[in-house]
Amino acid sequence: MVGVSYALSRATGNGCYEISYCSPLNWFGDSLHVSLSHDFATAVCRNFRDRNYVSLRRYLGRSAALSQRAAAMTFLSSTEAWARLLRRLLKFHMVGVIGIGVQLCFLFAFRTVMHFNYLLATALAVECAVLHNFLWHEHFTWRDRTNGRRLQRLLRFNLSTGLISIVGNLVLMRLLVGSLHLQYMAANILSIGACSLLNFWASDQVVFQAELAPKE
């Protein structure tokens, strides 16, 4: 509008008239320009805000969905891990129950039939039960972790669970029978129960854990 005012001034030669006549035009044009600029800027900002709001809502929605999915996967993985642990623990104790019968039978044979000392009879009976349990664990409890090297596993089994069973049973039998004068069969059952959970941990983490296939 400033350019229009200047052109009219040169055409008429009357600057005062032109200024007084065109000043309202200048004011109106500037006001119109400012108003249009403000509306345009407001529309642009509103459009930008709305688009960003929608984008933010979508992003937050996707993030929430991904978080929920990750939480669900973590929960399922944790549940499956606990289920596997419980199944393996159940198998371990099933084998252990049979092993108790084996140990008690050999203890009766060594102590009552052969008249061995109760500590020697206990050690021999425990070793027989250890060998029996190892074979069951190889083919039943941890069969998914047996990839050869059976002799090494048997050595680790004897040095871990076997040692725990023998030492634990001897110490507890000495305490229960020698000091408390409990009947030797009842004392042996209590000793076996006290060592079972520690034996499971040793079997799972020491004997068979090393046989897991390496990750690619």
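The values are calculated or read from the model by the stated rules, or taken from the named source; none is laboratory data. Every value quoted in this text rests on a predicted model; they were computed, and no experiment measured them. Note that we place each Cβ from the backbone using ideal geometry, even for glycine, and neighbour counts take in every protein chain shown.
A few notes on this one:
- Matching option when the condition is out of contact with any His (no Cβ under 9 Å at 6 or more places or on another chain), closer than 19 Å to C195 by Cα and either at pLDDT below 95 or not aliphatic (A, V, I, L, M) (or both), among H137, H115: H137
- Which numbered condition V177 misses (of (1) among the β-branched types (V, I, T); (2) within 17 Å of L85 (Cα to Cα); (3) modelled with pLDDT of 90 or more): (2)
- Spans of helices (runs of 4 or more DSSP H) in the range 80-194 with at least 1 residues crowded, with 19+ Cβ neighbours inside 10 Å, touching a Leu at 6+ places or on another chain (Cβ under 6 Å) and without any contact (Cβ under 8 Å) to a residue 24 or more places away in the chain: 118-136
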